[in-house]
Amino acid sequence: MDVPLSTSAVEHRKYFPGRMTHLGEGAAWQDILVEIHHRPAVSETMLIPAVAEPQLQWQISGHLRCEDREVDGQWEMHQVEPGDLFLITEPEPYELRWQAIDDQPVVVMHVTIGLPLLARAAKELFGAGAGIPLLREFNGERDPTILALLEMLRRELVEQRTASVSFVQGVAQALALHLVRTYRDDERPQPRRATALPAFHLQQVLRLMEGALAEGIQVGRLAAEVGMSESHFSRMFKGNTGFSPSRYFIRLRISKAQELLRQTTRPIIEIGLEVGYASPSHFAHVFRRETGTTPQAYREHNQSDLPPAYLSRIATA
């Protein structure tokens with residue numbers, strides 16, 4: 001089954017603010033990507049690309065007022081509490097913002113369930129001819145089985161110097177089985193291959209885009225990379241991402257600018273130049289249009305991600 005996507009699970013983390021404190025690496029973590037992140041208390045609107053695999057998010061710590069929406073759709077507000085679970089499965093990008101409503105650190109565990117795990121679960125439950133099942137999304141779920149399995153993975157990741165292959169893979173397979181048994185979505189139609197780029201073509205295009213943020217890139221060059229006409233390529237690309245190539249490229253530029261504003265003290269004018277905007281006023285205009293705030297205001301809201309010694313330097317950046 002081909003599932004439309006816009007970025008890989010490994011690259012997905014860079015679209016979120018904050019810092020990653022733990023990452024499952026090595027043989028034990030095959031087919032399951034487990035990460036623990038500390039998030040800032042406030043996040044402005046950001047675009048989150050979709051990935052092919054289902055993603056579980058577990059709110060370990062922090063109470064939030066969180067809003068999300070389909071691109072340019074209506075905002076939906078959720079009160080997020082420690083212990084809440086979210087399953088994201090739609091092959092479309094979405095927009096997200098949040099604000100903490102207490103002083104607890106905002107700690108989130110992300111778990112991406114590899115398609116091979118789901119395939120093995122489906123084969124065990126439904127027979128050798130079963131395809132990879134689609135799962136239905138949920139928000140703020142309190143599933144004790146999922147929480148228990150995620151806590152096992154968290155402790156293995158945080159407390160063990162070398163994770164046990166047998167233990168992690170056993171828990172991961174149990175998690176996939178429970179998700180397929182409990183949250184299989186038989187009503188959602190299968191995505192059609194003809195409406196989106198194959199994954200390997202999309203990755204080629206995204207690599208080109210990400211390598212050309214400063215100088216810009218023509219849609220014709222992207223189309224030629226995957227052997228398509230511009231019009232056909234643009235339709236297929238929109239099937240993956242929900243955006244035209246040019247619009248998505250702008251979003252990539254602003255996403256990179258957000259990362260630099262959060263994680264460095266470099267002058268804003270220099271950051272604008274790095275992502276292709278020679279005019280500071282043009283950069284500020286585009287940034288505000290895409291995020292709802294100015295580069296300076298965005299940086300001030302995300303100062304807490306930087307070491308204290310840097311904070312005084314930001315005010316003059």
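The values are calculated or read from the model by the stated rules, or taken from the named source; none is laboratory data. Just so it is clear, the structure is predicted and the values come from calculations on it, not from any experiment. Counting neighbours? That spans all protein chains shown, and the Cβs are built from the backbone with ideal geometry, glycine included.
Looking across the range 127-168, just one residue is acidic (Asp, Glu), farther than 17 Å from residue 57 by Cα and surrounded by 13 or more Cβ atoms within 10 Å (Cβ to Cβ), and that is 156.
With respect to the stated conditions, residue 171 is crowded, with 18+ Cβ neighbours inside 10 Å, modelled with pLDDT of 85 or more and in a helix (DSSP H, G or I). There is at least one residue in the range 28-47 that is touching a helix residue (DSSP H, G or I) at 6+ places or on another chain (Cβ under 7 Å) and at positive phi. Please enumerate the residues belonging to the range 1-27 that are crowded, with 17+ Cβ neighbours inside 10 Å and modelled with pLDDT of 90 or more. Answer for the range 1-27, where residues must be crowded, with 17+ Cβ neighbours inside 10 Å and modelled with pLDDT of 90 or more: 18, 24.
Contact list please: Cβ distance under 8 Å, first residue in the range 223-248 and among the aliphatic types (A, V, I, L, M), second residue modelled with pLDDT of 85 or more, pairs at least six apart or on different chains. The qualifying pairs are 223/229; 223/230; 223/232; 223/233; 223/234; 226/205; 226/233; 236/228.
Residue-by-condition table, conditions (1) among the basic types (Lys, Arg); (2) at pLDDT 85 or above; (3) within 17 Å of the chain's Cα centre (by Cα):
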residue: 94; (1), (2), (3): no, no, yes
residue: 104; (1), (2), (3): no, yes, no
residue: 109; (1), (2), (3): no, yes, yes
residue: 112; (1), (2), (3): no, yes, yes
residue: 116; (1), (2), (3): no, no, no
residue: 128; (1), (2), (3): no, no, no
residue: 132; (1), (2), (3): no, no, no
residue: 137; (1), (2), (3): no, yes, yes
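Scan 87, 118, 96 and give me the residue that is assigned to a strand (DSSP E or B) and touching a Pro at 6+ places or on another chain (Cβ under 7 Å). Checking each option against the conditions leaves just 87.
Residue pairs whose Cβ atoms lie under 7 Å apart, separated by 6 or more positions or on different chains, with the first residue in the range 159-176 and in the same structural domain as residue 27 (by TED's automatic domain parsing) and the second exposed (fewer than 14 other Cβ atoms within 10 Å of the Cβ) and of a type in the set (Gly, Ala, Ser), are 163/26; 165/27. Among the residues of the range 43-65, those identified as more than 14 Å from residue 17 (Cα to Cα) and in a strand (DSSP E or B) are 55, 56, 57, 58, 59, 60, 61, 64, 65. If you go through the range 67-78 one residue at a time, do you hit one that is out of contact with any Gly (no Cβ under 7 Å at 6 or more places or on another chain), surrounded by 20 or more Cβ atoms within 10 Å (Cβ to Cβ) and either closer than 30 Å to residue 161 by Cα or not β-branched (Val, Ile, Thr) (or both)? No, the conditions are met nowhere in the range 67-78.
The single condition among (1) over 13 Å from residue 29 (Cβ atoms); (2) modelled with pLDDT under 95 that residue 163 does not meet is (1).
Mind checking whether some residue in the range 140-158 is closer than 30 Å to residue 241 by Cβ, outside the structural domain of residue 290 (by TED's automatic domain parsing) and either under 18 Å from the mean Cα position of the chain (by Cα) or assigned to a strand (DSSP E or B) (or both)? Within the range 140-158, one or more residues are closer than 30 Å to residue 241 by Cβ, outside the structural domain of residue 290 (by TED's automatic domain parsing) and either under 18 Å from the mean Cα position of the chain (by Cα) or assigned to a strand (DSSP E or B) (or both).
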